[in-house]
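Take a look at the structure set out below.
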Amino acid sequence: MILVPGGRGQLGHDLAALSTDVRAASSAELDVTKVTAADLAGAAAVINCAAYTAVDAAETDEERAFAVNAVGPGRLAEACASVGIPMIQVSTDYVFSGDADRPYETTDPVGPKSAYGRTKLEGERRVLEAGGYVVRTSWVYGVNGSNFVKTMAALESSRPTLSVVDDQAGAPTWSHDLAAGLLELVSVLPETRLLHATGGGETTWFRFAQAIFEELGADPARVRPCTTADFPRPAPRPAYSVLSGASWAKAGLRPLPQWRSALSAAFAAGVVAPRTGAAPLE
Ligand SMILES: NC(=O)c1ccc[n+]([C@@H]2O[C@H](COP(=O)([O-])OP(=O)(O)OC[C@H]3O[C@@H](n4cnc5c(N)ncnc54)[C@H](OP(=O)(O)O)[C@@H]3O)[C@@H](O)[C@H]2O)c1
């Protein structure tokens, strides 16, 4: 059995959907900040999907974010080590500064600019120290949870036009593809402990939004480009946070599909509920 704390989030949901061997635990069933080895009874591996993911809220709630993103994964990794089972921690592109002009390798220096990024980085450090795996990913969307794809779909049906930032680049990742990759990782258990796994290629939020409009059968010209400065947010976002897939491929793992074809596959799989009363698309 593969135990998945944070099992009711986007990624945890898709792990459970992919394998009957997964036991997805809700935060009420398993609080990672209090986990002990006794909670791991019957588990052959742990994929930790529990996280404090409210990036802006973390700026004023860093203590709680630290407990969930750093203390919890550290406890979990130590508990896994004590019973001799592998643990995989999911981490983020936000551990990097975002000042790069080429995809980040796992060997590149980190430099988080947000509280969320700092807490996730400390979680990485603790997990690696205890002998666990860390898989960084980015721009995750899936059927279960709030995410950019669902937000754009909702805005498409309520606004004639919308502005989306075109000066932040990254790689969208369908949680279903990442879940499949993590299950492969559990079966392979390569020597390398720090890996990157995202959808292939790169884009900007603006171009991602245009692609979502295409999938919805809406006119992508209704999405207009704007800059980060037009929409100030509490937590700074990395301007460029594409993660290189070289570490993943070198570990003998299958690259995740390209982000654009993954988006089409996600729509075909119903990542966005069809609009009621909408005219059928030709
Ligand atoms: N979403 C993204 O764009 C993105 C990008 C890069 C990396 N990641 C990383 O990918 C992983 C999965 O993200 P996701 O999008 O699936 O997140 P998510 O949908 O926000 O799910 C996170 C889950 O963690 C649970 N949780 C919170 N505190 C907990 C605690 N103390 N103990 C146990 N569970 C707790 C939450 O449960 P409650 O709702 O009950 O609190 C929620 O179900 C995370 O590590 C995240 O940092 C995500």
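What residue, among those in segment 77-96 that are open to solvent by 30 Å² or more (accessible area, probe 1.4 Å) and either among the charged types (D, E, K, R) or under 19 Å from the mean Cα position of the chain (by Cα) (or both), is farthest from Gln168 (Cα to Cα)?
Glu78
Would you pick out the residues in segment 1-21 that are hydrophobic (A, V, I, L, M, F, W, C) and either more than 6 Å from the ligand (Cβ to nearest atom) or closer than 19 Å to Val83 by Cα (or both)?
Those that are hydrophobic (A, V, I, L, M, F, W, C) and either more than 6 Å from the ligand (Cβ to nearest atom) or closer than 19 Å to Val83 by Cα (or both): Met1, Ile2, Leu3, Val4, Leu15, Ala16, Ala17, Leu18.
State whether the residues of segment 197-217 include one that is of a type in the set (A, V, I, L, M), within 19 Å of Val90 (Cβ to Cβ) and in contact (Cβ under 8 Å) with a residue 12 or more places away in the chain.
Checked against the condition, which is being of a type in the set (A, V, I, L, M), within 19 Å of Val90 (Cβ to Cβ) and in contact (Cβ under 8 Å) with a residue 12 or more places away in the chain, segment 197-217 yields at least one hit.
If you go through segment 256-274 one residue at a time, how many are hydrophobic (A, V, I, L, M, F, W, C), without any contact (Cβ under 8 Å) to a residue 60 or more places away in the chain and in a loop (DSSP other than H, G, I, E, B)?
So the answer is 1.
Looking at Ala70, Ala77, Ala81, Ala58 in this structure, which one is farther than 16 Å from Arg125 by Cβ, modelled with pLDDT of 95 or more, hydrophobic (A, V, I, L, M, F, W, C) and assigned to a helix (DSSP H, G or I)?
Ala58
Just need a number here: residues in segment 170-189 that are away from the ligand (no atom under 11 Å from the Cβ), open to solvent by less than 20 Å² (accessible area, probe 1.4 Å) and hydroxyl-bearing (Ser, Thr, Tyr).
0
From the list Thr192, Thr228, which residue is touching a strand residue (DSSP E or B) at 6+ places or on another chain (Cβ under 6 Å), open to solvent by less than 70 Å² (accessible area, probe 1.4 Å) and of a type in the set (Ser, Thr, Tyr)?
Answer to the check: Thr228.
Under 8 Å between Cβ atoms, at least 6 apart or on separate chains: pull out the pairs that start in segment 30-45 with a residue that is of a type in the set (D, E, K, R) and end on any residue that is within 16 Å of the ligand (Cβ to nearest atom) and in a loop (DSSP other than H, G, I, E, B).
Asp39/Leu30
Any residue that is small (Gly, Ala, Ser), more than 22 Å from Leu182 (Cβ to Cβ) and either buried (at least 16 other Cβ atoms within 10 Å of the Cβ) or within 8 Å of the ligand (Cβ to nearest atom) (or both) - is there at least one of those in segment 22-34?
Taking every residue of segment 22-34 in turn, at least one turns out to be small (Gly, Ala, Ser), more than 22 Å from Leu182 (Cβ to Cβ) and either buried (at least 16 other Cβ atoms within 10 Å of the Cβ) or within 8 Å of the ligand (Cβ to nearest atom) (or both).
Would you be able to tell me the number of residues in segment 133-145 that are more than 8 Å from the ligand (Cβ to nearest atom) and assigned to a loop (DSSP other than H, G, I, E, B)?
So the count comes out to 1.
The conditions are (1) out of contact with any Leu (no Cβ under 9 Å at 6 or more places or on another chain); (2) under 24 Å from Phe213 (Cβ atoms); (3) without any contact (Cβ under 8 Å) to a residue 60 or more places away in the chain, and Glu78 fails exactly one of them. Which is it?
(2)
The values are calculated or read from the model by the stated rules, or taken from the named source; none is laboratory data. The structure presented is a predicted model; accordingly, all values stated were derived computationally and were not measured. When we count neighbours, we look across all protein chains shown, and the Cβ atoms used for this are built from the backbone with ideal geometry, even at glycine. The accessibility values were calculated without ligands, DNA or RNA, using every heavy atom of the protein model including side chains. Shrake-Rupley method; radii C 1.70, N 1.55, O 1.52, S 1.80 Å.
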